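In what follows, a structure is listed as structure tokens, so that the remarks can point back to it.
The values are calculated or read from the model by the stated rules, or taken from the named source; none is laboratory data. Every value quoted in this text rests on a predicted model; they were computed, and no experiment measured them. In this analysis, Cβ positions are derived from the backbone assuming ideal geometry, glycine residues included, and neighbour counts consider all displayed protein chains. These accessible areas exclude ligands, DNA and RNA; they are computed on the full protein's heavy atoms, side chains included. Shrake-Rupley method; radii C 1.70, N 1.55, O 1.52, S 1.80 Å.
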Amino acid sequence: MNNWDVIVIGAGGAGLAAAISAAEQGARVVILESEKEIGGSTQLSAGMFTAANTSVQRALGVEDSAERFFQHYMDLNQWRLRPGLIKRFCDESGPTLEWLITLGVDFPAKFSTNAHDPGLMQAGVEDVWRGHVPKDQGYGLVTALNQQRLAKGIDLFLDNRVEDLVVEDGQVRGIRIGGELIEASAVIVASGGFAHNSHLRRLYYPETLEAGEDLFIVAAPGSRGDHIRFAESSNAALTGHGQGLLMVTSYIQRLHHWQSGFPPRSRIYINQAGDRFMNEDIPYAVSPGIVRDNGGSVWNVFDEKARNALPDGYAHWNKERIEQDARAGYMLSADTLEELAAKMHVPADHLTAAVARWNEQLPNGQDPDFLRQATMQNKGDTKPLEPIAHPPYYAARTCPAELVCTHTGLTIDTEARVCDVRGAVIKGLYAAGEAGGGVLGNRYVGGGNSIANALTIGRIAGVSAARDAAQNVEQSTAAG
């Protein structure tokens, strides 16, 4: 391998955005990817991108601003994140989306009610419609980025896992791979999170242990926490301990929603006391906390009509799979609610009362206790719900078990420069995506928070690295 100005570790969304942005500034760039293909978790995602003050929003008459995005982001995270970094992210999210559009990514200017339908969504805890779903989803994002990588002549080496960073006297000298030192003026760590490393999950995200055998991971296989190892050797600081996106799902689901499918719309969540305790459509960013407050494991209850209404084409949430699981005893089922309550080990009078109250209200567009109808309408879903009244009845064990991303990463500043444990910048070292900590906080903010973080901070890291690499060359030339 030759020497380059900038080495990017990881060819997911963050790494590709960083590499392209550095090349746009004139830097010689190489990407080293540990896996046999590019794309990382970005390619596996819906590609949804949360951003403010975009051309898509304006075309649809949605009024928004980076300032409003920042205020909402900080308030939701209880101001536990560094305001300067979050302001930079919110300011640059819109321009990054416009940059993607110039690269050929198509974000249709129409409203969408689900992540399968390209357009503008309100999927998470956004205060306005900010979730931009591209045509061809995450695959489309990665395809457009890779085409730009090829156009820029950026070198890519697959199946090359970086062993370590080489840092001397507070400055990066390069990386070590295959026992060989590869020198560079700047290194960008974009290697993903640590979802597939059980040891690191135990240390930095122990909440994932509570799901037990129900835990499943939708992050890319390369999410093994290499950035944690790099932190140890470079004396870099870490931030975001105990944080990540762990979504509430039923035991039956083992893949992400667009493969597994979605549970029935007409469903009620029941706790161990036999009571309905939540709005079943509240954002996935906050629902895990409510489930944990109710014992950590609850029941998703629905009926035969809801089972038969499930669409075809999904791996798990389909009528055939539920019937099979019910016969095998994995999915609880019974001809009466009283019998189902006995199998659930909850008081029968509580369960029957909860379902009766649900049937009186939700099919009529009313839910004075939990306001589910308002939540659905806010997302553009106005179709009436059906009563839960057609036996047999089903109950699926449900808990926070779908691990999407982890948030413990290298501490970065507003230029995506990595800081050491004393707060000083490590010269020449940058991080983005899940490997860069401090943007994804204790509350996942809106649909596409992770993708927006990866590409926006990746872009900032690429520009910063190229700029600093050029300055190093100038200084070396002047000294010589």
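Here are the numbers:
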| quantity | calculated |
| --- | --- |
| Selected residue [closer than 29 Å to Leu245 by Cβ and open to solvent by 40 Å² or more (accessible area, probe 1.4 Å)] from Asp155, Asp117 | Asp117 |
| Close pairs (8 angstrom Cβ cut-off, 6 or more residues apart or separate chains): at pLDDT below 95 in the range 201-222, of a type in the set (Phe, Trp, Tyr) anywhere | Asp214/Tyr251 |
| Qualifying positions in the range 324-338 - of a type in the set (Asp, Glu) and either free of Cβ contacts under 8 Å to residues at least 40 places away in the same chain or open to solvent by less than 30 Å² (accessible area, probe 1.4 Å) (or both) | Asp325, Glu338 |
| Index of the failed condition, Trp129 passing every other in (1) under 30 Å from Val286 (Cα atoms); (2) part of a loop (DSSP other than H, G, I, E, B); (3) open to solvent by less than 20 Å² (accessible area, probe 1.4 Å) | (3) |
| Cβ-Cβ under 8 Å pairs, at least 6 apart or on other chains, the range 407-424 side within 18 Å of Asn449 (Cα to Cα) and open to solvent by 50 Å² or more (accessible area, probe 1.4 Å), far side of a type in the set (Gly, Ala, Ser) and not in a loop (DSSP other than H, G, I, E, B) | Thr414/Gly84 |
| Lone unmet requirement of (1) surrounded by 18 or more Cβ atoms within 10 Å (Cβ to Cβ); (2) farther than 22 Å from Gly313 by Cα for Ile252 | (2) |
| Asp293 under 24 Å from Val125 (Cα atoms), among the charged types (D, E, K, R) and either modelled with pLDDT under 95 or within 28 Å of the chain's Cα centre (by Cα) (or both) | yes |
| Counted residues, the range 199-213 - those being open to solvent by 60 Å² or more (accessible area, probe 1.4 Å) and under 19 Å from Arg229 (Cβ atoms) | 3 |
| Scope the range 283-294; condition open to solvent by less than 40 Å² (accessible area, probe 1.4 Å), outside any loop (DSSP other than H, G, I, E, B) and more than 24 Å from Asn359 (Cα to Cα); matching residues | Pro288, Gly289 |
| All positions within the range 255-264 that are assigned to a loop (DSSP other than H, G, I, E, B) and either open to solvent by less than 10 Å² (accessible area, probe 1.4 Å) or outside the structural domain of Ala341 (by the TED database) (or both) | Gly261, Pro264 |
| Answer from Arg202, Arg224, Arg229, Arg267 - the residue that is over 22 Å from Arg443 (Cβ atoms) and not assigned by the TED database to the domain that holds Val172 | Arg267 |
| Unmet criterion (only one of (1) open to solvent by less than 20 Å² (accessible area, probe 1.4 Å); (2) in the same structural domain as Glu232 (by the TED database)) for Ile388 | (2) |
| Number of the condition not met by His241 [criteria: (1) surrounded by fewer than 20 Cβ atoms within 10 Å (Cβ to Cβ); (2) more than 30 Å from Gly170 (Cβ to Cβ)] | (2) |
| Spans of helices (runs of 4 or more DSSP H) in the range 295-401 with at least 1 residues more than 24 Å from Leu246 (Cβ to Cβ) and in contact with a strand residue (DSSP E or B) (Cβ under 8 Å, 6 or more places away or on another chain) | 304-308, 319-328, 337-344, 348-361 |
| Number of the exception - His196 against (1) under 22 Å from Val463 (Cβ atoms); (2) open to solvent by 20 Å² or more (accessible area, probe 1.4 Å) | (1) |
| Test: residue in the range 103-116 that is under 22 Å from Arg459 (Cβ atoms), β-branched (Val, Ile, Thr), in the same structural domain as Leu44 (by the TED database) and not in a strand (DSSP E or B) | yes |
| Given (1) open to solvent by less than 10 Å² (accessible area, probe 1.4 Å); (2) closer than 19 Å to Val172 by Cα; (3) of a type in the set (D, E, K, R), index of the condition Lys427 fails | (1) |
| Residue satisfying condition, being crowded, with 17+ Cβ neighbours inside 10 Å, assigned by the TED database to the domain that holds Val8 and over 30 Å from Asn77 (Cα atoms), within set Ser185, Ser191 | Ser185 |
| The range 277-308, residues that are closer than 22 Å to Gln366 by Cα and small (Gly, Ala, Ser) | Ser287, Ala306 |
| Answer from Asp367, Asp381 - the residue that is acidic (Asp, Glu), closer than 22 Å to Gly124 by Cα, open to solvent by 20 Å² or more (accessible area, probe 1.4 Å) and assigned by the TED database to the domain that holds Lys319 | Asp381 |
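Per-residue answers, yes or no, for (1) without any contact (Cβ under 8 Å) to a residue 60 or more places away in the chain; (2) surrounded by 24 or more Cβ atoms within 10 Å (Cβ to Cβ); (3) in contact with a His (Cβ under 8 Å, 6 or more places away or on another chain):
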| residue | (1), (2), (3) |
| --- | --- |
| Asn3 | no, no, no |
| Ile9 | no, yes, no |
| Val29 | no, yes, no |
| Leu32 | no, yes, no |
| Thr42 | no, yes, no |
| Phe49 | no, yes, yes |
